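The values are calculated or read from the model by the stated rules, or taken from the named source; none is laboratory data. All values reported here derive from a predicted model rather than from experimental measurement. Don't worry about glycine lacking a Cβ; one is built from the backbone with ideal geometry, like all the others, and counts go over all protein chains shown.
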Amino acid sequence: MIKAPASAPGKFILAGEHSIVYRGRAIALPLLNTELKYWETDEAPALFVNGEKKETFHYQKVCALREHLGFKDGGPTLHIETQIPLGGGLGSSAALCTALGRYHAAHLSPEQLARLALEGEKFFHAKSSGIDPFTIAIGKAIVFRSQTLEWKELDLQRFHDEGLTFVLADSGLRHKTPEVLERVSHLKAQDPLIFEDLIDALSTNVEGMLKALAEGPRKMLGRLMNDSHFRLIQLGVSEERLDDLQAKLLKLGALGAKLTGAGRGGFILSLFEQETFASLKAQFPVPYLEWKRC
Ligand code: MEV
């Protein structure tokens, strides 16, 4: 019997990337207008991504991931169709773990699937906090704590009432999350005081953003996003191209902008008034994704 593909969305982190690996919470939202689909067929052993046959070691890696997740009996031909760019900070590896889990274990609850996908994420990088797999498997805007795996759905009514939207602008650069995490651990070892201060500031911004979302996002959210971007620069996870893009978006009228996800590439997350963004869509300087409300 041929099983239907299983799918999972991308995600973006509003606040708390990197700091959540050490302490505190993070806020993330699913990107429901992006999707990764996974399925298996009974042809020759191979991995196809968006219809293109990949090198054997990629195939072996996905087979190893499948086995790591406890799925021993699968079809030999693996297929991934994805709109989530690899290394763009939008959760491509967590989306793969989630879709693979959903394909083989459709009976799992969102929470069980999230825990399974987290095991898969750890296969890619041991330090995964869980924010990506939980956001993607649960499919809701959440605030999450890694130490306890506790999550709470966010109420975005004020955000919508104030006519705001998020826009993700693509820097075109791509990263490898484990390498970026390694870079942050170096700073921790070399400059512990600065490191601890930055982690505190990033975690405090998460709590500030939660308050802003509840009480009036227009006032504080953008400022806290900008502040987080500058802390992430000091943490060593930005790039000149990301900083230039962040500045450009603010000039265009964004209320705030920051890198999102591991950094060293990927997207700049910006906060816009829907009306402002609608008026400048045609002249937007780089490829972008507008967040679809959830
Ligand atoms: C990656 O999307 C976010 C990081 O904080 C890593 C993690 O939390 O697993 C950099």
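For segment 59-77, state whether one or more residues are among the aromatic types (F, W, Y) and more than 16 Å from the ligand (Cβ to nearest atom). Lay out the reasoning, then the answer.
At the first step, the residues of segment 59-77 found to be among the aromatic types (F, W, Y) are 59, 71.
Adding the requirement that they be more than 16 Å from the ligand (Cβ to nearest atom) leaves 59, 71.
Checking segment 59-77: at least one residue is among the aromatic types (F, W, Y) and more than 16 Å from the ligand (Cβ to nearest atom).
Which of the residues belonging to segment 131-148 are away from the ligand (no atom under 13 Å from the Cβ) and in a helix (DSSP H, G or I)?
A137, I138
Those residues that are among the hydroxyl-bearing types (S, T, Y) and more than 12 Å from the ligand (Cβ to nearest atom), I need them from segment 1-44; list them, please.
S7, T34, Y38, T41
Got a sec? Which of G120, G87 is within 14 Å of the ligand (Cβ to nearest atom), surrounded by fewer than 24 Cβ atoms within 10 Å (Cβ to Cβ) and closer than 17 Å to E35 by Cα?
That would be G87, the only listed residue that is within 14 Å of the ligand (Cβ to nearest atom), surrounded by fewer than 24 Cβ atoms within 10 Å (Cβ to Cβ) and closer than 17 Å to E35 by Cα.
Which condition breaks for V62 when tested against (1) modelled with pLDDT under 95; (2) outside any loop (DSSP other than H, G, I, E, B)?
Only one criterion is unmet by V62, namely (1).
From E179, E196, E275, grab the single residue that is of a type in the set (D, E), within 15 Å of the ligand (Cβ to nearest atom) and in a helix (DSSP H, G or I). Show your work before the answer.
On the way: E196 fails: within 15 Å of the ligand (Cβ to nearest atom); E275 fails: within 15 Å of the ligand (Cβ to nearest atom).
Result: E179 is the single residue among E179, E196, E275 that is of a type in the set (D, E), within 15 Å of the ligand (Cβ to nearest atom) and in a helix (DSSP H, G or I).
Of everything in segment 143-160, what is in contact with a helix residue (DSSP H, G or I) (Cβ under 9 Å, 6 or more places away or on another chain) and more than 21 Å from L113 (Cβ to Cβ)? Give them in sequence order.
If we filter segment 143-160 for residues that are in contact with a helix residue (DSSP H, G or I) (Cβ under 9 Å, 6 or more places away or on another chain), which is where we start, we get 143-146, 149, 151, 153-156, 158-159.
Listed by number, the residues that qualify are D155, L156, R158, F159.
Looking at K258 and the list (1) among the basic types (K, R); (2) away from the ligand (no atom under 16 Å from the Cβ); (3) crowded, with 24+ Cβ neighbours inside 10 Å, which single condition is not satisfied?
Unmet condition: (2).
Please work out which residue is nearest to the ligand (Cβ to nearest atom), limiting yourself to segment 45-57 and to residues that are without any contact (Cβ under 8 Å) to a residue 12 or more places away in the chain and assigned to a loop (DSSP other than H, G, I, E, B). Talk me through it step by step, then tell me what you get.
Filtering segment 45-57 for residues without any contact (Cβ under 8 Å) to a residue 12 or more places away in the chain gives 52-57.
Checking which are assigned to a loop (DSSP other than H, G, I, E, B) leaves us with 54-55.
Details: K54: 23, E55: 25 Å.
It comes out as K54.
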